[in-house]
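Engineer: Below is a structure I'd like to ask you about.
The values are calculated or read from the model by the stated rules, or taken from the named source; none is laboratory data. Only a predicted model underlies this, so the values are computations on that prediction, with no experimental measurement involved. Positions of Cβ are generated from backbone atoms using ideal geometry, with glycine treated the same way; all protein chains shown enter the neighbour counts.
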Amino acid sequence: MRSLALAFDVGGTSVRGAVVGAADVVMAESRMDTRPGPAVLDDIAQMGERLLAGLSPTARAQVTGIGIAFPGLVDSDAGISRKAVNLGLVDTPVAAPVAERLGLPVVVSHDTAAAAGAIWEDAGSPASALVAVLGTGIAAVTYVEGRAVVGGSGQAGELGHLVVDPAGPRCSCGLRGCVEAWAGARAMRQRYAARGGDTGVTGVADLVARTRHDPLAAEVWSEAITALADGFLAVGALLAPGEIILGGGVAEAGGDLLEPLQARMRERAGVTAVPPVRLSALGGRAGLVGAARLALTLTRPGSTGWSA
Ligand SMILES: [Zn+2]
């Protein structure tokens, strides 16, 4: 029985790859800095070759296929990146070159869709929920009557680019004061450094740890919480989701995120109902796990998804 998947989560900062087995068990993992442009596809294929080479022949024969969680606009049926601004790609085949190099069927999914799908499944597939993935970028998938809302243009869920303060910091999208410009992992580190904070801060976990003794770190984190609260309340006012479920690397802050966020939402809610908020245990692994689950639906040679 084929029961292993090769999974990749491609982000603007790093590419993560893993061999994932049943029950989301990660058997081998690898990570590298993202090289933008078509080089990223070479890097994925090379990382895949290394991960496969590390498996026993028996384990290698059990690999069903490859799942790739990819940023930007993705055409999953064609296996093509329509547009990935951070990677500098337009109309670039992703599935075909990787499938050709590794000799396995490939499914490509939008990174948020893959991550949110895994988070939602783990939460028991609630009929009404907003699943937010909080990392360098911030995005969300809304589930209504048990289905993901994709919208007419297929681009629903850009929670990160909801403007919560038009006078706020400049966002990567060109606007000011987007949720992501306040609460994205990179934006928080940059704001902390720009105001004189330690430039050696390694990530969100480090920043959150500093909030206990460093007022500047506490201020940056508090601003992020406010932006997230306002973003969720705006979505809540429109859609009133039954609950909000948080995943992604920033959600690994745990109670340091959840408790102030819930309090801030209650303070700022006005007439909007405040839905319960909970954390997914998948944290920053959600994209990788989602990609692996998609790959496990493939059969060799591929009968679903895109295959070589
Ligand atoms: Zn923006």
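Engineer: In the stretch 194-308, which helices (runs of 4 or more DSSP H) lie fully inside it and hold 1 or more residues that are without any contact (Cβ under 8 Å) to a residue 12 or more places away in the chain?
Structural biologist: Those helices (runs of 4 or more DSSP H) span 204-210, 215-239, 255-268.
Engineer: Out of the residues in the stretch 1-23 that are surrounded by fewer than 17 Cβ atoms within 10 Å (Cβ to Cβ) and touching a residue at least 40 places away in the same chain (Cβ under 8 Å), state the one that is nearest to the chain's Cα centre (by Cα).
Structural biologist: Filtering first and then ranking leaves THR13.
Engineer: Has the stretch 168-175 got at least one residue that is farther than 26 Å from PHE8 by Cα and either in a strand (DSSP E or B) or not assigned by TED's automatic domain parsing to the domain that holds ALA234 (or both)?
Structural biologist: yes
Engineer: Given ALA99, ALA69, which one is small (Gly, Ala, Ser), in a strand (DSSP E or B), touching a residue at least 24 places away in the same chain (Cβ under 8 Å) and not assigned by TED's automatic domain parsing to the domain that holds CYS178?
Structural biologist: ALA69
Engineer: In the stretch 4-35, which residues are part of a loop (DSSP other than H, G, I, E, B) and either within 14 Å of GLY67 (Cβ to Cβ) or modelled with pLDDT of 90 or more (or both)?
Structural biologist: If the condition is that a residue be part of a loop (DSSP other than H, G, I, E, B) and either within 14 Å of GLY67 (Cβ to Cβ) or modelled with pLDDT of 90 or more (or both), then GLY21, THR34, ARG35 are the ones that fit.
Residues are listed down the side, and each one gets a yes or a no for (1) among the hydroxyl-bearing types (Ser, Thr, Tyr); (2) over 20 Å from LEU261 (Cβ atoms):
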{"site": "SER125", "(1), (2)": "yes, yes"}
{"site": "ALA129", "(1), (2)": "no, no"}
{"site": "VAL144", "(1), (2)": "no, yes"}
{"site": "ALA148", "(1), (2)": "no, yes"}
{"site": "ALA167", "(1), (2)": "no, yes"}
{"site": "GLY184", "(1), (2)": "no, no"}
{"site": "ALA205", "(1), (2)": "no, no"}
{"site": "ALA218", "(1), (2)": "no, no"}
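To keep it simple, each residue is scored yes or no on (1) part of a loop (DSSP other than H, G, I, E, B); (2) touching an Asp or Glu at 6+ places or on another chain (Cβ under 8 Å); (3) within 19 Å of LEU233 (Cβ to Cβ); (4) not aliphatic (A, V, I, L, M).
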| residue | (1), (2), (3), (4) |
| --- | --- |
| THR112 | no, no, no, yes |
| GLU121 | no, no, no, yes |
| GLY124 | yes, no, no, yes |
| ALA139 | no, yes, yes, no |
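Engineer: In the stretch 26-72, how many are surrounded by fewer than 17 Cβ atoms within 10 Å (Cβ to Cβ), of a type in the set (A, V, I, L, M) and under 18 Å from the mean Cα position of the chain (by Cα)?
Structural biologist: Total satisfying the criteria: 2.
Engineer: Residues in the stretch 102-109: is at least one surrounded by 17 or more Cβ atoms within 10 Å (Cβ to Cβ) and not assigned by TED's automatic domain parsing to the domain that holds ARG60?
Structural biologist: No: the stretch 102-109 contains no residue that is surrounded by 17 or more Cβ atoms within 10 Å (Cβ to Cβ) and not assigned by TED's automatic domain parsing to the domain that holds ARG60.
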